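Beneath this line is the structure, given in structure tokens, with notes to follow.
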Amino acid sequence: MTAPAKSPASLRLPPPSQGWGNILWTLFGLVALAGLLAACLVYTAPPLLSDWQVRETAHPVADARVTDGKCSAKIVIHICDATLNLRTSTGAVARRVNYVFSGFHVGDYSIRVMADPARPDLVTTDLGLDRLWNRTLTFLAITGAIAAIIVLAIAGMVRNRRAASGGL
């Protein structure tokens, strides 16, 4: 009777050494992704959060205007920006909103300005309120994907650096 053959030990080779150019490009990419994540948090999150606050009590406002409104589509992601102007008894309210949502749509969007009478500073649109769940899920998916890419890239850089220096 012969003894079973031992399986060979696996050998882990270190990654090829990376020059400073590769490291700088990687860091540039991480900074760019961090900028995208920051832009999502600064421009898209506040209107999304305030729309959740007024979703039940917002009503159309007759004396409001939309200025600088535009939407663009990238495959199935729609990005709409608008400035909403509203006159109240305490003064004028101007608010810039940014909506990011997903879906298939061809053509223009028509919107109505909506506001909660108790909180007119959180002026919004029916487009934003109608797509509130879509906007929320799209926001979570995009920011989650960007954050995951950043974390995984940093973990890969650390792992490659350890492997190149001889540590496992």
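Does ALA118 satisfy being closer than 16 Å to GLN53 by Cα and loosely packed, with under 15 Cβ neighbours inside 10 Å? Criteria met by ALA118. Residues considered: LEU122, LEU37. Of these, the only one that is among the aliphatic types (A, V, I, L, M) and part of a helix (DSSP H, G or I) is LEU37. When the range 59-100 is limited to residues that are out of contact with any Lys or Arg (no Cβ under 9 Å at 6 or more places or on another chain) and of a type in the set (Gly, Ala, Ser), the one that is most open to solvent (accessible area, probe 1.4 Å) turns out to be SER89.
Only a single criterion out of (1) touching a His at 6+ places or on another chain (Cβ under 7 Å); (2) at pLDDT 95 or above is not satisfied by ALA141, namely (1).
In the set (1) of a type outside the set (D, E, K, R); (2) surrounded by 15 or more Cβ atoms within 10 Å (Cβ to Cβ); (3) outside any strand (DSSP E or B), GLY156 fails one condition alone, (2). The residue that is most open to solvent (accessible area, probe 1.4 Å), counting only those in the range 41-58 that are touching a helix residue (DSSP H, G or I) at 6+ places or on another chain (Cβ under 7 Å) and assigned to a loop (DSSP other than H, G, I, E, B), is ARG55.
Residue check: is ARG135 at pLDDT 90 or above, in contact with a strand residue (DSSP E or B) (Cβ under 8 Å, 6 or more places away or on another chain) and open to solvent by 20 Å² or more (accessible area, probe 1.4 Å)? Step through it out loud before you land on a result.
On the way: at pLDDT 90 or above: yes; in contact with a strand residue (DSSP E or B) (Cβ under 8 Å, 6 or more places away or on another chain): yes; open to solvent by 20 Å² or more (accessible area, probe 1.4 Å): no.
Spelling it out, it is not the case that ARG135 is at pLDDT 90 or above, in contact with a strand residue (DSSP E or B) (Cβ under 8 Å, 6 or more places away or on another chain) and open to solvent by 20 Å² or more (accessible area, probe 1.4 Å).
Only a single criterion out of (1) polar (S, T, N, Q); (2) in contact (Cβ under 8 Å) with a residue 12 or more places away in the chain; (3) closer than 30 Å to ARG162 by Cα is not satisfied by ASN22, namely (2).
The sole residue among ASN85, ASN98 that is touching a residue at least 12 places away in the same chain (Cβ under 8 Å), closer than 27 Å to ALA147 by Cβ and of a type in the set (S, T, N, Q) is ASN98. Listed conditions (1) in contact with a Gly (Cβ under 8 Å, 6 or more places away or on another chain); (2) open to solvent by 40 Å² or more (accessible area, probe 1.4 Å); (3) at pLDDT 95 or above are all met by ALA38, apart from (1). For the range 59-97, taking the residues that are within 25 Å of the chain's Cα centre (by Cα) and in a loop (DSSP other than H, G, I, E, B), the one that is modelled with the lowest pLDDT is identified as ILE75.
The values are calculated or read from the model by the stated rules, or taken from the named source; none is laboratory data. Everything numeric in this text was worked out from a predicted model, so none of it was measured. Note that each Cβ is placed from the backbone with ideal geometry, even for glycine, and that neighbours are counted across all protein chains shown. Accessible surface is based on the protein model in full, side chains and every heavy atom, while ligands, DNA and RNA are left aside. Shrake-Rupley method; radii C 1.70, N 1.55, O 1.52, S 1.80 Å.
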